[in-house]
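The values are calculated or read from the model by the stated rules, or taken from the named source; none is laboratory data. What you see is a predicted model, and the numbers here were worked out from it, not measured in a lab. Here the Cβ positions follow ideal geometry from the backbone for every residue, glycine too, while neighbour counts run over all protein chains shown. Keep in mind that these areas ignore ligands, DNA and RNA; they rest on the heavy atoms of the full protein, side chains included. Shrake-Rupley method; radii C 1.70, N 1.55, O 1.52, S 1.80 Å.
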Amino acid sequence: MPHMTSATTDTTEPTEPTDKKPGDSYVQSFARGLAVVKAFNAARPAQTLSEVAQASGLTRAGARRILLTLEALGYVRSEGRLFRLTPRILDLGFSYLTSMPLWNLAEPFMEALVQQVQESSSASVLDGDDIVYVLRVPVRKVMSINLSIGSRLPAWCTSMGRVMLSALPDTELDAALRRADLRAHTGRTITDIGTLRTRILDVREKGWALVDQELEEGLISIAAPIRNRAGQVIAAMNVSGQANRTSAAEMEAKFLAPLQQAAQKISQLVVV
């Protein structure tokens, strides 16, 4: 294990601010380890000890111990003064996917949908205020954003996100919209909270969502819910295409019915 001379002078560790957590079962050291892992992203793939400490809200000494533990376990590697995650970190995400056999069973239906409509299709779940991609069947690259399993996008300006937000109780929906960073990604992005809420309630009424170039210029996406046996929305799936090939009206006319049929078939696979 590489020796980190820059951290050897840390003989004492200041007390880190902690939020009050419910109950005594909260394991703070585990939460700090997750904070260190989440400090790495596409914009910060390699960081120094000080950068990791700052991004995770930990002291240098605390971040150092966690980084060295992760390195010993194979989840982090060091390159001089820089640290970066290793591919082994994917095991954590795949643990979720493999514990949810639904997505393995759903993939053939999504592949058949992509073959039928000749556009890409994805499935996602709602995690906090973001959607997280759990399955993706691309037919061609339609976004400048590199999307893959585990990718996150803001729920409020995506078709799959609006489908899942529409299923929330009104109080939870209002809280999510108040937390959202309603900034314009394009000239078409809805940033007025009242208008956005009305649009999401319309999705709740009709059961599907279409987002026309609000997240990225040229990208149109239409989404439908995936439900459990009780009828609750547990995920969403979409078809996405390019505006220069297919207009929003054409997407609704051509892709909505096949998308809803595929979503219904996948919903029937849900056992709980």
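Observations on the model:
- Every listed requirement among (1) open to solvent by 70 Å² or more (accessible area, probe 1.4 Å); (2) in contact (Cβ under 8 Å) with a residue 60 or more places away in the chain is met by R188 save one, (2).
- In the range 204-225, the residues that are within 19 Å of the chain's Cα centre (by Cα) and part of a strand (DSSP E or B): A209, L210, V211, L219, I220, S221, I222, A223, A224, P225
- In the range 244-267, of all residues being over 13 Å from I222 (Cβ atoms), free of Cβ contacts under 8 Å to residues at least 60 places away in the same chain and under 24 Å from the mean Cα position of the chain (by Cα), the one that is most open to solvent (accessible area, probe 1.4 Å) corresponds to Q264.
- So A230, is it open to solvent by 20 Å² or more (accessible area, probe 1.4 Å) and either of a type outside the set (D, E) or free of Cβ contacts under 8 Å to residues at least 24 places away in the same chain (or both): yes
- Filtered residue count, the range 119-132, keeping only those that are open to solvent by 10 Å² or more (accessible area, probe 1.4 Å) and not charged (D, E, K, R): 4
- Taking the range 30-132 as the region of interest, none of the helices (runs of 4 or more DSSP H) fully inside it holds 3 or more residues being modelled with pLDDT of 95 or more and within 17 Å of the chain's Cα centre (by Cα).
- Scan of the range 158-173 for residues that are open to solvent by 40 Å² or more (accessible area, probe 1.4 Å) and part of a helix (DSSP H, G or I), ordered by number: D170, T171, E172
- Residues in the range 177-184 include none that are closer than 24 Å to I266 by Cα and in contact (Cβ under 8 Å) with a residue 12 or more places away in the chain.
- Residues of the range 191-220 classified as open to solvent by less than 20 Å² (accessible area, probe 1.4 Å) and closer than 24 Å to D174 by Cβ, total: 6
- Every condition in (1) crowded, with 20+ Cβ neighbours inside 10 Å; (2) modelled with pLDDT of 95 or more holds for G241 except the one numbered (2).
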